[in-house]
Amino acid sequence: MKIETDFLVIGSGIAGLSFALNAAEIGSVTIITKKEDKESNTNYAQGGIASVLSPNDSFENHINDTLRAGSGLCHEHAVRFMIENGPAAIEKLLRTGVEFSKTNEQSLDLIREGGHSRERIVHARDYTGREIERALLQNVKNNSNIEILENHIAIDLITEHQTVGRDYSKGIHCWGAYALDVENNKVRIISARVILLSTGGCGQVYLHTTNPSIATGDGIAMAYRAGATIANMEFMQFHPTSLFKEGSDAFLISEAVRGYGAILRDKDGNSFMKEYHKSAELAPRDIVARAIDREMKRSGEPCVYLDLTHKNAESIKKHFPSIYKRCLDFQVDITKEWIPVVPAAHYMCGGVVVDMKGSTTIKGLFACGEVAFTGVHGANRLASNSLLEALVFTEPAVQEASVYLKITKLNIPDILPWNLEGTFNQDEWVYLVHDRHVIREVMWDYVGIVRSDFRLARASRRLDVITAEVEEFYKKTVVTNDLIELRNIATVSQLIVRSALNRKESRGLHYNTDYPQRDDKLWNHDTHLSQSVI
Ligand code: FAD
Ligand code: SIN
């Protein structure tokens, strides 16, 4: 049941796979992933990757756009590092076999998205993530130093707390993870000296989200329980435009569609974005999402509309084949009809605090990708900077991890077996389904695009009760995938609410009607949360 490896990578999106390919040059790598290998936020990414590749662009332009979107909270040195290393990261993806869209002259086709002052988004039509995931997975599968275990969900990280003797005298280290092998219903110990958290985001804590079902914030919750520092959880990004169809999961309508010239309209056909920002449809995401929220509240309508009908039909189909097809499934022909859209939870700007080399506050535990907090996004992420961040920061993380592996030479202590004492198979699982739904509703209703102290306090009280009940249920029950996720959704929701309650101002993605102004004197800093485990 036990597995030993040099590098344990938790998650198989762009961050986990990129890290694994680099780490495999140094030692053995085991990737665990909770569903099918390609299932990840990465696989659904549409718009592309932002990078400075045009002679009409410059690093300074991209840096300034990123800092402007981030509303004063970006860590400038991290932003600079990410942007200056962008072109090399794109080059590396091309060598890996990713096929990006090209112009007639065979150079990379660069498009524009909200908040960007130049055309700089590299893309594969409107299915960029799927293409990246395909190429990276193919390379991983061809690498004999990498083993990938599907349907293995990490339950908790192993630190001194789960070792014989619980000796904390040398600080807190991560020694691996307990993972549920879902198909065989067995908990396995996977031990390693280097552990990478690359578990992605947490959009599923909200009722309406562009994220697939895997995005339950497991990495953030596990790291928090293990004692790591977490930052800026109040900054959940809502994407302005997801397809509105009652009763069905949100489907993203890429920002590239607005970059291509689509216009936001109310039901009477009035375009409204100019009232909110001089860049209109191409304003930063927080502004567009809030404007749509405001228009919906003003009109009482359940959605607004995105209009592409003034564009050439064949060209629309060529640029946005997936969006065209998906909308057609819902009887919306985007070449002839306006697309009904609403904002949906999309991206977590906060996460597990890491330094410039991917190290968390726990020794041996690294984090990359959406789960990590490098500081590059500040209070609002600029479109298409996420895939870039995941790619660029995995390189120094692997370098640092390999140094850690070589110099520490620490012996992994004896790890306690998974404790089944006092647990049994419940005969009623309806609580789980119900609790998951209630948490997501509470988060959507009270901790969404526009917040207030009253709403946040109400959410906090409700979440405290549910979380205590979930924890109680968890202690008594044989673990399952759904229970692990519910526990993590509950924890992450609480972290978001605590961070939001703490910040008494409005900035970027956090808008509180009780403090509608940005307050640089008191709040020009990150929010940190951690719990003492020793
Ligand atoms: P993910 O790609 O989400 O991978 C996480 C992995 O961890 C998955 O394999 C998951 O199964 C696994 N996992 C999670 N928990 C566990 C656990 N407990 N045990 C084992 N495995 C686990 N960003 C851009 O820059 N450009 C875009 O165009 C863009 N478009 C987007 C469109 C959509 C619809 C969405 C949802 C996001 C988009 N983003 C985009 C954001 C971007 O895709 C993500 O931030 C990025 O892909 C995250 O990569 P990752 O490797 O960190 O995580
Ligand atoms: C999109 O295509 O609109 C998503 C881009 C992003 O999230 O960066």
Exercise for the section: Any chance you could give the angle, 0 to 90 degrees and rounded to 10, that helix 481-502 forms with the longest Cα principal axis of the chain? Expected result: 60
Fill in the blank from the handout: Over 25 Å (Cα to Cα) among Lys2/Lys409; Lys170/Lys476; Lys38/Lys409 -> Lys170/Lys476; Lys38/Lys409
Practice task
Express the accessible area of the chain per residue in Å², computed with a 1.4 Å probe while the remaining protein chains stay in the model.
Solution key: 40
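As an exercise, use a Förster radius of 22 Å and the Cβ-Cβ distance of Val450 and Asp519 to find the FRET efficiency, rounded to the nearest 0.05.
For Val450 and Asp519, the calculated efficiency is 0.80.
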Completion exercise
Scaled by the rule-of-thumb 2.2 N^0.38 Å, the alpha carbon Rg for the stretch 87-196 gives a ratio of 1.59
Fill in the blank from the handout: Excluding ligands, DNA and RNA, the carbon-plus-sulfur percentage of the accessible area of the chain with a 1.4 Å probe reads 48
Completion exercise
Interchain or sequence-distant (5+) residues whose placed amide H lies within less than 5 Å of the amide H of Ile31 are Val9, Glu147, Ile148, Leu149
Handout entry: Angle between the chain longest axis and helix 14-23 axis [Cα atoms, degrees, rounded to 10]
Key = 50
Practice task
Calculate the tail of P(r) for the chain: the fraction of all Cα-Cα distances greater than 34 Å, expressed in %.
Solution key: 35
Completion exercise
Straight-line reach check, Lys245, cutoff 16 Å on alpha carbons, 8 or more apart in-chain or any other chain, hits among lysines -> Lys267, Lys325
Fill in the blank from the handout: Extension length gain for Lys318 and Lys2 (0.36 nm per residue less Cα distance), in nm, is 108.8 nm
Completion exercise
Output for the stretch 409-451: trypsin sites (Lys or Arg not before Pro) sitting in coil per DSSP, at most 10 other Cβ within 10 Å, listed by number, reads Lys409
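Output the relative contact order of the stretch 6-48, whole-number percent, from Cα pairs under 8 angstrom with separation of 6+ residues.
On the way: 45 pairs, mean separation 20.6, N = 43.
Relative contact order, the stretch 6-48: 48 percent.
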Practice task
Step through the residues of the stretch 379-394 one at a time and calculate ³J(HN,Hα) from phi using the Karplus curve (6.51 cos²θ - 1.76 cosθ + 1.60, θ = phi - 60°), rounding each to whole Hz and writing x for Gly and Pro.
Solution key: 8, 6, 6, 6, 3, 6, 8, 7, 4, 4, 4, 4, 5, 5, 7, 6
Fill in the blank from the handout: Computed over the chain: longest principal axis from alpha-carbon atoms vs helix 430-446 long axis, angle to nearest 10 degrees, is 50
Exercise for the section: Please work out whether the stretch 409-518 counts as rounded, prolate or oblate from its C-alpha gyration tensor, where a ≥ b ≥ c are the square roots of the eigenvalues and a/c under 1.5 means rounded, while otherwise a/b larger than b/c means prolate and anything else oblate? Expected result: oblate
Handout entry: Size descriptor, Kirkwood hydrodynamic radius, that averages inverse alpha-carbon separations across the stretch 1-152, Å
Key = 16.8
Practice task
Evaluate the Debye formula for the stretch 252-337 with equal point scatterers sitting on the alpha carbons, no solvent, and hand back log10 of I(q)/I(0) at q = 0.19, 0.21, 0.25 Å⁻¹, in q order, two decimals.
Solution key: -0.88, -1.05, -1.32
Problem - Phi to ³J(HN,Hα) by Karplus 6.51 cos²θ - 1.76 cosθ + 1.60 over the stretch 411-426, Hz, x for Gly, Pro - result: 7, 5, x, 5, 9, 5, x, 4, 8, 9, 4, x, 9, 8, 7, 5
Practice task
Would you kindly calculate the translational diffusion coefficient of the stretch 295-378, applying Stokes-Einstein with the Kirkwood radius from alpha carbon pairs, for 10 °C and a viscosity of 1.306 mPa s, and quote it in µm² s⁻¹ without decimals?
Solution key: 97
Fill in the blank from the handout: Yeah, the stretch 339-472 with a ≥ b ≥ c from its alpha-carbon gyration tensor (a/c under 1.5 is rounded, else prolate when a/b outruns b/c, oblate otherwise) is oblate
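The values are calculated or read from the model by the stated rules, or taken from the named source; none is laboratory data. Computed from a predicted model, the values in this text were never measured in an experiment. So basically every Cβ, Gly included, is an ideal-geometry build from the backbone, and we count neighbours across all protein chains shown. Only protein heavy atoms, including side chains, enter the accessible area calculation; ligands, DNA and RNA are left aside. Shrake-Rupley method; radii C 1.70, N 1.55, O 1.52, S 1.80 Å.
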